[in-house]
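Right, one structure below, let's go through it.
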Amino acid sequence: MSKCAVIISGGTLDETLTLKVLQEMEHPWVIGVDRGVEFLYRHEILPSYIVGDFDSLPDEMVSYYKERGDVPIREFNPVKDASDTEIAVRLGMTLGCGRLIILGATGGRIDHLWANVQTLMIPFKAGVEAEILDPQNRIRLIGGETHLTRENAYGPYFSVFPLGEIIYGFNIRGAKYPLKDHMLTPYDSLCVSNEIAAEEAVIDYSGGVVILMETRDRESL
């Protein structure tokens with residue numbers, strides 16, 4: 001089984017979820033990204049790498065890891081051509097990880113969230129499983145037939161959006177709102193907030209990339 005990387009990014013981090021993911025993974029690479037390093041520092045979790053321009057991190061924390069000498073640091077100029085999270089994703093792939101879990105990629109600025117969602121395309125093209133997690137959402141990309149079981153769903157709802165292209169022949173079976181031979185476009189909201197009606201919902205289509213969001217309400221946590 002290929003190794004997993006847990007990327008602790010600089011957005012809104014849920015402490016309970018983050019610690020749970022880190023505890024459940026078997027010896028993952030832990031990559032701290034800019035302000036996400038602060039979470040690792042406070043919880044005395046030693047990262048495998050820290051990356052970023054560190055413009056959101058106190059100088060004393062950066063100095064702490066530099067003085068330790070046992071944590072590789074990838075420091076970048078704030079004027080760069082990729083986001084800190086993208087840099088961490090590419091690092092995880094370079095390490096040979098077959099799965100990437102990205103935490104702290106949501107909350108706050110929507111431009112950062114959307115950049116992080118688009119970044120999922122990089123591992124997707126390389127055949128690497130990648131997902132963004134927060135307490136209410138699991139976001140990933142799919143490229144064809146996908147089964148969502150009630151037992152393993154992240155929440156009771158799921159939404160689908162094409163990633164920049166029209167998807168033809170799009171089908172959803174076993175859901176509250178089924179679809180057959182639908183043309184899924186980037187500018188409508190038809191496929192928001194569907195639900196698994198049976199034990200399993202199946203999404204299938206002939207080609208293209210779709211954003212799949214499994215979601216739940218905050219009060220259900």
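Values as computed for the structure displayed
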item	result
Which listed residue, of Leu133, Leu141, Leu148, is within 24 Å of Arg99 (Cβ to Cβ), in contact with a helix residue (DSSP H, G or I) (Cβ under 6 Å, 6 or more places away or on another chain), open to solvent by less than 30 Å² (accessible area, probe 1.4 Å) and at pLDDT 95 or above	Leu141
Residue pairs meeting the criteria (Cβ under 7 Å; at least 6 apart or on separate chains; first more than 20 Å from Val209 (Cα to Cα), in segment 105-122; second of a type in the set (Val, Ile, Thr) and assigned to a loop (DSSP other than H, G, I, E, B))	Thr106/Thr12; Gly107/Thr12; Gly108/Thr12
Search result, residues across segment 65-98 that are in a strand (DSSP E or B) and open to solvent by 70 Å² or more (accessible area, probe 1.4 Å)	Arg74, Glu75
Unique match (being out of contact with any Cys (no Cβ under 9 Å at 6 or more places or on another chain) and open to solvent by 70 Å² or more (accessible area, probe 1.4 Å)) among Glu199, Glu214	Glu199
Subset of segment 19-38 [closer than 21 Å to Gly98 by Cβ and open to solvent by less than 60 Å² (accessible area, probe 1.4 Å)]	Val21, Leu22, Met25, Pro28, Val30, Ile31, Gly32, Val33
Matching residues in segment 30-64 - criterion: being of a type in the set (Gly, Ala, Ser), modelled with pLDDT under 95 and in a strand (DSSP E or B)	Gly52
Criterion violated by Ile172 - all others in (1) among the hydrophobic types (A, V, I, L, M, F, W, C); (2) open to solvent by 70 Å² or more (accessible area, probe 1.4 Å); (3) over 18 Å from Gly104 (Cα atoms) satisfied	(2)
Flag for Glu15 being in contact with a helix residue (DSSP H, G or I) (Cβ under 9 Å, 6 or more places away or on another chain), open to solvent by 50 Å² or more (accessible area, probe 1.4 Å) and either modelled with pLDDT of 95 or more or charged (D, E, K, R) (or both)	yes
Long-range neighbours under 9 Å by Cβ, at least six apart or interchain, first residue closer than 11 Å to Val71 by Cβ within segment 27-44, second open to solvent by 30 Å² or more (accessible area, probe 1.4 Å) and assigned to a helix (DSSP H, G or I)	Gly32/Glu38; Gly32/Tyr41; Tyr41/Tyr64
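The values are calculated or read from the model by the stated rules, or taken from the named source; none is laboratory data. Note that this is a predicted model, so its numbers are computed, not measured. Glycine also receives a Cβ, built like all others from the backbone with ideal geometry; neighbour counts cover every protein chain displayed. Remember, those area values only see protein heavy atoms, side chains included, never the ligands or the DNA or RNA. Shrake-Rupley method; radii C 1.70, N 1.55, O 1.52, S 1.80 Å.
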